[in-house]
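Read the figures in this text as sums done on the coordinates, not as results from a lab. Because the structure is predicted, anything quoted here is derived from the model rather than measured. Ideal geometry is used to build each Cβ from the backbone, glycine not excepted, and the neighbour counts take in all protein chains shown.
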Amino acid sequence: ACRILGLHLQELEDWNCCGSSSAYSVDPELGFNLSTRNLSLAPPDRPLLVMCPRCLHHLRHAHLDMQQDPRLRRAQERRWGRPISPDLEIMHFLEALVRFGLDRLQKGSVRGLNGLKFVPYYGCTLYRPPALHRQKYYQAEMENILTALGAKPVRGAFNNRCCGSFLSAVRPEAVTPLVNEIIGSAVSAGADCLVTSCAMCQLNLEVRCTAANKLPIFHFSEILALALGAQDYEGWFTRHLVDPRPLLEDRGLLGLPPPLPTVP
């Protein structure tokens, strides 16, 4: 999708896992240090683009802590032997697309999403907690982007309920009711599918659902790439537990011509 849009991304060299929920639960200091190491590797003159909501949460939290306590930042700089910019911009991929421009996204769209009715499932992490000052954007970015590409957001579903996260690995019986409620609310609202911003949410919503009426679950990047004309979608969709291809074929979203030239 980024290649089609002409966005040039450079992977952060020698990055490490942020620790996710596990490290912070067992050893908060370790989790904090994992995040500050990544921040020390980030070039100060360009945004740090993050796809995973949990990574985004930990990176922003660590950065905010160091902004509020310069001594803490200096201690981490000594730990890693590198400066950490207090002005580093850390943004989610959705924010980058909004900044790119909805009009430009529309111009780059090859497959209009033909009124595909979707629940924008943000989950519980992306725009929380309030201290990170992201709540004002809640329930806006994904809807705006996919609406610009021709889809139709569905209201009334549980789009910010926790999916159970990594509890799914140790207490799946506790996660299944959460997932069934989320899926059930989307079905009741008349949705064709759910679109997530989080790969962990996508996994749980597919793996742990035992409801009779199931819906396809897409990661946001899949729908974006499909709308922009990507041709290698068969490889993605065969990995889904709920096959999305019948829905997409019904909407005329598969097998269309190759993409238009890169968006200027």
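Per residue of the range 170-183, what does 6.51 cos²θ - 1.76 cosθ + 1.60 with θ = phi - 60° give for ³J(HN,Hα)? Whole Hz please, x for Gly and Pro, Karplus curve as stated.
3J(HN,Hα) across the range 170-183, in whole Hz: 10, 9, x, 5, 7, 7, 4, x, 4, 5, 4, 5, 5, 5.
With no solvent and one equal point scatterer per Cα, compute the Debye intensity ratio I(q)/I(0) for the chain at 0.17 Å⁻¹ and report its log10, rounded to two decimals.
-1.36
Per the Debye formula with a single identical scatterer at each Cα and no solvent contribution, what log10 I(q)/I(0) holds for the range 164-222 at q = 0.17, 0.25, 0.29 Å⁻¹?
Scattering profile of the range 164-222, log10 relative to I(0): -0.50, -1.02, -1.24.
Can you work out the Karplus-derived ³J(HN,Hα) for every residue in the range 21-38? Use 6.51 cos²θ - 1.76 cosθ + 1.60 with θ = phi - 60°, whole Hz, and x for glycine or proline.
Result, ordered by residue: 6, 5, 4, 5, 6, 8, 8, x, 5, 4, x, 4, 5, 4, 5, 5, 4, 4 Hz.
Could you give me D for the range 18-107, from Stokes-Einstein at 20 °C and 1.002 mPa s, where the hydrodynamic radius is the Kirkwood radius over C-alpha pairs? Units µm² s⁻¹, please. Walk me through the numbers on the way to the answer.
Values: Rh = 13.9 Å.
Approximately 154 µm²/s, per Stokes-Einstein.
When the Kirkwood hydrodynamic radius is evaluated over all pairs of different C-alpha atoms of the range 108-250, what value in angstrom, to one decimal, is obtained? Could you put the intermediate results ahead of the total?
On the way: mean 1/r = 0.0647 Å⁻¹.
Across the range 108-250, the inverse of the average 1/r is 15.4 Å.
Using each residue's phi in the range 152-165, evaluate 6.51 cos²θ - 1.76 cosθ + 1.60 at θ = phi - 60° and report the 3J(HN,Hα) Karplus result to the nearest Hz, with x for Gly and Pro.
10, x, 10, 9, x, 8, 7, 8, 10, 6, 5, 7, x, 6
Cα-based Rg of the range 198-251 per 2.2 N^0.38 Å, rounded to two decimals?
On the way: Rg = 11.4 Å, N = 54, 2.2 N^0.38 = 10.0 Å.
So the range 198-251 has a normalised radius of gyration of 1.14.
Please list, by residue number, everything in the range 174-218 whose backbone N is under 14 Å from a paramagnetic label point 7 Å out along Cα→Cβ of ASP250.
Correct set: 187-188, 190-194, 213-217.
If you stretched the chain out fully between ASP232 and ALA169, how much longer would it get, using 0.36 nm times the residue separation minus the C-alpha to C-alpha distance?
Working: separation 63, 0.36 × 63 = 22.68 nm, distance 3.06 nm.
Stretched fully, the ASP232-ALA169 segment lengthens by 19.6 nm.
For the range 1-53, count the residues as N, evaluate 2.2 N^0.38 Å, and divide the Cα radius of gyration by that value, please.
Numbers: Rg = 13.5 Å, N = 53, 2.2 N^0.38 = 9.9 Å.
Taking N as the residue count of the range 1-53, the ratio is 1.36.
On alpha-carbon atoms, Rg over Rh for the range 84-184 using Kirkwood Rh?
Over the Cα atoms of the range 84-184, Rg/Rh equals 1.04.
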